[in-house]
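First comes the structure, then the notes that go with it.
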């Protein structure tokens, strides 16, 4: 089983336990925060991205610091580890700045979080009827060129 597939149920439980408040939906800003972190990881690297999100401002509705805590929690819970209360992702990355395995785990946990969030985020713009799949065979009434 791929790492992301093992992380998704943990991410769903974290969202359910920590991010959901009284409503049954998650603020769309969480989706943006996770996407921005994934882009930062690719563009700036692990240490810089984690530092920026761990020490950055909390001006939005979502906490970037909490995202860092959730990502580390996903990684540790999948490993069966218990986290010390004071440990955070920044400390982990500072202790292992060139650890490719840790970088892969963070990326996979970010992807799992992004996929799990899609179960909870309410999309009010999605009022379109469900699109039909494209088939290779033409339906009745479709124009078909004669050979």
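Against the list (1) free of Cβ contacts under 8 Å to residues at least 24 places away in the same chain; (2) within 19 Å of the chain's Cα centre (by Cα); (3) outside any helix (DSSP H, G or I), the condition residue 76 fails is (3). Within region 21-51, if we keep just the residues that are in a helix (DSSP H, G or I) and in contact with a strand residue (DSSP E or B) (Cβ under 8 Å, 6 or more places away or on another chain), the residue that is farthest from residue 74 (Cα to Cα) turns out to be 28. When 50, 62, 93 are checked against the criterion of being at pLDDT below 85 and in contact with a helix residue (DSSP H, G or I) (Cβ under 7 Å, 6 or more places away or on another chain), a single residue qualifies: 62.
Matching residues to (1) touching a strand residue (DSSP E or B) at 6+ places or on another chain (Cβ under 6 Å); (2) closer than 20 Å to residue 3 by Cβ; (3) buried (at least 19 other Cβ atoms within 10 Å of the Cβ):
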| site | (1), (2), (3) |
| --- | --- |
| 19 | yes, no, yes |
| 53 | no, no, yes |
| 57 | no, no, no |
| 63 | no, no, no |
| 70 | no, yes, yes |
| 80 | no, yes, no |
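Taking the condition within 15 Å of residue 30 (Cα to Cα) and surrounded by 18 or more Cβ atoms within 10 Å (Cβ to Cβ), does residue 89 pass? Answer is no for this residue. Looking only at region 23-34, how many residues end up being in contact with a helix residue (DSSP H, G or I) (Cβ under 7 Å, 6 or more places away or on another chain) and either surrounded by fewer than 19 Cβ atoms within 10 Å (Cβ to Cβ) or over 16 Å from residue 68 (Cα atoms) (or both)? The number of residues fulfilling the criteria is 2. The lone criterion from (1) surrounded by 15 or more Cβ atoms within 10 Å (Cβ to Cβ); (2) free of Cβ contacts under 8 Å to residues at least 24 places away in the same chain; (3) closer than 15 Å to residue 106 by Cβ left unmet by residue 39 is number (1). Of the residues making up region 108-119, those that are in contact with a helix residue (DSSP H, G or I) (Cβ under 7 Å, 6 or more places away or on another chain) and either over 19 Å from residue 55 (Cα atoms) or surrounded by fewer than 18 Cβ atoms within 10 Å (Cβ to Cβ) (or both) are 108, 109, 111, 112, 113, 114, 115, 116, 117, 119.
The values are calculated or read from the model by the stated rules, or taken from the named source; none is laboratory data. On a predicted model such as this, the values are computed, not experimentally measured, just so you know. Note: ideal-geometry Cβ built from the backbone for every residue, glycine included; neighbour counts use all protein chains shown.
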